[in-house]
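Everything on this sheet refers to the single structure shown next.
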Amino acid sequence: MDFWQEIFMALSRNKLRTFLTGFAISWGIFILIVLLAAGNGLVNAVSSDFSDQSTNVYMIYSGETSKPFKGHGVNRSIMFNDKDIRFLETEVKNVGKVSPRIYRDGFATFNDKSSSIFVSGVRPVFRDINNVKMLEGRFINELDEKNSEKVIVIDESVRDKLFDEGFSPLGQFVFVSGVAYRIVGVSKKMGDSNGNGYVPFSTLKTITRQSQYWMLHFSVIGLETKEDNEVFTEYLRTQLAHFHEFDPDDTSAVYIRSRQEEYLQTMKIFKTLQLFIWIIGFAMLISGIVGVSNIMRITVKERTNEIGIRKALGAKSRSILASIVTESLIITTIFGYIGMWLGMVVAEIGGGILEKIQEGKSVTLNIVPTIDIRIVLMATALLIVCGVLAGFFPARNAVKIKPIEAMNYR
Amino acid sequence: MIRLEKINKTYFGAQPLHVLKGIDLHVEEGEMVSIMGASGSGKSTLLNILGILDNYDSGDYYLNGRLVKDLSENQAADMRNRTIGFIFQSFNLIPFKTAMENVALPLYYQNVSRKKRNQLAMEYLERFGLKEWADHYPNELSGGQKQRVSMARALVTQPKVILADEPTGALDSKTSAEVMQILRDVHQTGITMVIVTHERGIAIRTDKIIHLKDGVIEDIEINNPDAIDLNSEIK
């Protein structure tokens with residue numbers, strides 16, 4: 001009790017010193033957190049920009065044979081069927097979700113306006129596989145697919161041609177090749193391709209009476225390297241060659257394309273960025289530690305006189321050391337947490353402002369500063385520990401000095 | 001009370017300096033002695049050894065009948081705290097503590113309760129006429145007041161020995177005379193007192209003057225302080 005009273009008196013009577021030490025610590029932690037948050041915001045921005053290609057996606061589409069095989073001639077076109085889908089979904093372990101794709105080219109009309117449209121019949125998972133972004137409404141869902149609903153998702157370029165600005169197309173009916181579809185959603189353009197529409201796979205299959213599919217989309221999991229992808233592609237081609245009886249070496253029979261290159265590139269950028277952020281954070285942490293340590297060291301030096309007096313009056317080194325360390329622990333903890341909270345508040349507010357600015361813009365650079373609370377707590381704890389240690393060692397040296405020398409210390 | 005036998009002390013620097021060369025000294029209980037000498041004579045070193053603030057190389061030092069040798073840091077701290085009261089030239093008060101808190105500080109290291117400490121500290125401040133100044137900080141006090149605070153601090157633990165290092169060094173002659181009068185009064189209560197000074201005016205107010213020169217005791221002068229006019233100029 002008495003010990004704590006002594007400590008708090010020493011802290012409150014030396015307000016300026018306490019404040020300056022505390023401020024150095026608060027500032028160190030504050031800057032560290034704000035910069036880490038800004039760094040993370042940068043990563044978020046880049047990752048959202050790249051998220052269109054953030055998973056590895058495969059497309060298989062049909063081609064024509066160029067080599068005779070088992071009595072089959074050349075120029076035979078290879079299409080896919082339900083058996084291929086089942087095979088991919090159940091027997092190939094790296095395959096995630098599969099969506100076949102059939103299509104129909106035509107014109108969409110609404111009242112007196114029309115637009116060319118490329119309608120794809122796809123399953124709901126197509127959205128996840130190809131990262132279709134919705135601007136309004138929703139994408140095709142399982143119910144649409146199950147009931148072969150005549151619903152359509154149009155992209156923004158089709159919307160802009162058919163509808164006046166400010167008029168919501170949701171719930172309106174458009175005619176495509178003589179069939180009326182109800183609009184359930186508007187999607188963002190996919191890269192440069194204009195005039196896309198999506199309808200349930202089952203609907204378009206019924207309308208066009210197709211059982212042979214032109215394209216299969218699927219996502220893959222766990223293929224991390226170029227080699228993995230090459231082996232996987234080779235395996236697929238061999239299997240498809242077996243099912244459809246073409247020469248496995250005939251590369252024009254089916255085309256297997258993946259976003260592997262882009263995907264690996266993205267991953268590489270990601271990892272580099274992450275490393276960069278960590279290096280910055282680490283450098284910040286080090287400079288924080290140096291700053292905090294310095295101020296603690298100076299504080300203790302300043303107190304050498306007092307230490308000498310206390311020793312002459314019969315204080316034991318241990319008790320002096322204990323009070324100095326406790327004082328620095330209290331200062332670093334209290335001010336450390338103040339700095340931490342201020343840093344997090346500023347990061348949050350900054351994030352909010354940035355989000356507001358970007359609201360309603362069609363092209364958003366999604367810089368949202370975020371910060372992992374565990375990293376914040378760890379960094380704060382580390383700074384506190386270092387601050388205390390930085391106070392401890394000079395204090396230990398100071399109490400070792402003979403009282404007379406300490407008293408005469410200038 | 002204090003007995004030194006063949007005390008030697010050498011500072012080992014770039015040039016080894018033999019500061020105390022076999023000091024033999026005996027100070028009786030209740031005696032008031034002064035140590036005089038030019039700077040470099042070893043008088044400060046001697047006082048540091050007496051105050052267990054520094055150690056010595058060879059010889060024996062008995063304080064209050066106990067051999068002070070090879071003490072652990074904690075033992076030395078305890079002995080300083082309970083047996084010795086210090087008065088310094090530069091007062092050495094802690095700037096962020098009030099007069100009362102400064103006086104009470106040695107008791108804190110004796111684990112005396114806060115209430116008791118403050119009560120005792122007030123008693124001693126009152127004795128030195130500083131009751132009204134108890135809540136003032138050192139920088140609000142005059143030199144004489146500061147020295148009286150530090151005397152109160154030295155006495156609050158009821159030590160056996162008071163060691164004073166140039167207690168009037170930072171004071172004008174009038175205040176010096178006052179401080180010396182207080183020290184004499186304290187001495188009357190039976191406390192042993194050793195004063196290091198280079199001022200003859202101070203030294204003649206003690207029972208014995210020990211003249212130190214080049215690390216040896218040159219001469220011990222017996223005084224009769226009661227014979228001198230206490231109001232005479234010190235400097």
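None of the figures in this text is laboratory data; all of them are computed from the coordinates on show. Since the structure is predicted, the reported quantities are computational estimates derived from the model, not experimental observations. Reconstructed Cβ throughout: ideal geometry from the backbone, glycine too, with neighbour counts over all protein chains shown.
Rounded to 0.05, the FRET efficiency of the residue A:322 and residue A:272 pair, given R0 = 41 Å and the Cβ-Cβ distance, is 0.30. Each residue of region A:244-255 was assigned a 3J(HN,Hα) from its phi angle through the Karplus expression (A = 6.51, B = -1.76, C = 1.60, θ = phi - 60°), giving 9, 6, 9, 5, x, 8, 7, 7, 9, 5, 10, 9 Hz with x at Gly and Pro. What separates the Cα centres of region A:388-405 and region B:1-41 is a distance of 28 Å. Note on B:127, A:303, B:66: ascending count of other Cβ atoms within 10 Å places them as B:66, B:127, A:303, the fewest first.
Largest GNM mean-square fluctuation among B:41, B:142, B:90, using chain B with Cα springs under 10 Å: B:142.
Ranked by the mean number of other Cβ atoms within 10 Å of their residues, highest first, the peptides B:113-120, A:34-41 come out as A:34-41, B:113-120. Computed from backbone phi, the HN-Hα couplings of region A:83-88 come to 5, 4, 4, 4, 4, 4 Hz, rounded to whole numbers (Karplus: 6.51 cos²θ - 1.76 cosθ + 1.60, θ = phi - 60°; Gly and Pro given as x).
Near the amide H of residue B:218, within less than 5 Å, lie the amide hydrogens of B:211, B:212, B:213, all on another chain or at least 5 residues away, with H placed in the peptide plane.
Rounded to the nearest 5, what % of DSSP beta bridges with both residues in region A:57-259 are antiparallel? Here the share of antiparallel DSSP bridges comes out near 80 percent. Ranked for footprinting exposure by Cβ neighbours inside 10 Å, fewest first, A:389, B:20, B:53 give A:389, B:53, B:20.
Compared with the dominant principal axis of the Cα atoms in chain A, helix A:2-13 is inclined by about 80°.
Over all projection directions, the Cα-based convex hull of region A:57-259 averages an area of 12.1 nm².
Average partner chain C-beta neighbours within 10 Å, per residue of A:300-313?
That average works out to 5.
Taking every alpha-carbon pair under 8 Å whose residues sit at least 6 apart, chain A reaches a relative contact order of 28 percent. Residues A:243, B:88, arranged from fewest to most other Cβ atoms within 10 angstrom of their Cβ, appear as A:243, B:88.
Roughly how crowded by other chains is peptide B:73-82, in terms of the mean Cβ count from those chains within 10 Å of each of its Cβ atoms?
Mean partner-chain Cβ count within 10 Å for B:73-82: 4.
The C-alpha atoms of chain A define a longest principal axis, and helix A:15-50 lies at about 10 degrees to it.
Just checking the output field for B:113-123: average partner chain Cβ neighbours within 10 Å of each residue's Cβ? Before the final figure, lay out the partial values.
Details: counts 2, 4, 0, 0, 1, 0, 0, 0, 0, 0, 0.
Counting Cβ atoms of other protein chains within 10 Å of each residue's Cβ and averaging gives 1.
Computed from point charges on the beta carbon alone (+1 for Lys and Arg, -1 for Asp and Glu), the dipole magnitude for region A:57-259 about its Cα centre is near 420 Debye.
Could you work out the Rg to Rh ratio of chain A, with Rh taken as the Kirkwood radius (inverse of the mean 1/r over all Cα pairs)?
Numbers: Rg = 33.5 Å, Rh = 26.9 Å.
My calculation of the ratio gives 1.25.
Loop sites here are GluC sites (Glu not before Pro) outside DSSP states H, G, I, E and B with no more than 15 other Cβ atoms within 10 Å. The longest part of chain A free of them is A:1-164.
Helix A:260-302 axis versus longest C-alpha principal axis of chain A: approximately 10°, rounded to the nearest ten. 3J(HN,Hα) couplings calculated from phi for region A:200-213 with the Karplus curve 6.51 cos²θ - 1.76 cosθ + 1.60 (θ = phi - 60°) are, in sequence order, x, 3, 4, 5, 5, 5, 5, 5, 8, 6, 9, 10, 10, 10 Hz; Gly and Pro show x.
Computed over the alpha-carbon atoms, chain B gives an Rg to Rh ratio of 0.96, Rh here being the Kirkwood radius from the mean inverse distance. Under 25 Å of direct C-alpha separation, and excluding same-chain neighbours fewer than eight residues apart, residue A:67 reaches these lysines: A:83. Amide hydrogen proximity for residue A:76: with H placed 1.01 Å from N in the peptide plane, the residues at 5 or more positions away or on another chain lying under 5 Å are A:65.
Scaled to the globular estimate 2.2 N^0.38 Å, the Cα spread of region A:178-219, given as radius of gyration, is 1.37. Of the trypsin sites (Lys or Arg not before Pro) found in region A:141-211, those in coil by DSSP whose Cβ has at most 12 other Cβ atoms within 10 Å are A:209. Its DSSP H runs of at least 4 residues, each contributing -39,500 (n - 2.57), put the calculated 222 nm mean residue ellipticity of chain B at -10000 deg cm²/dmol, to the nearest 500.
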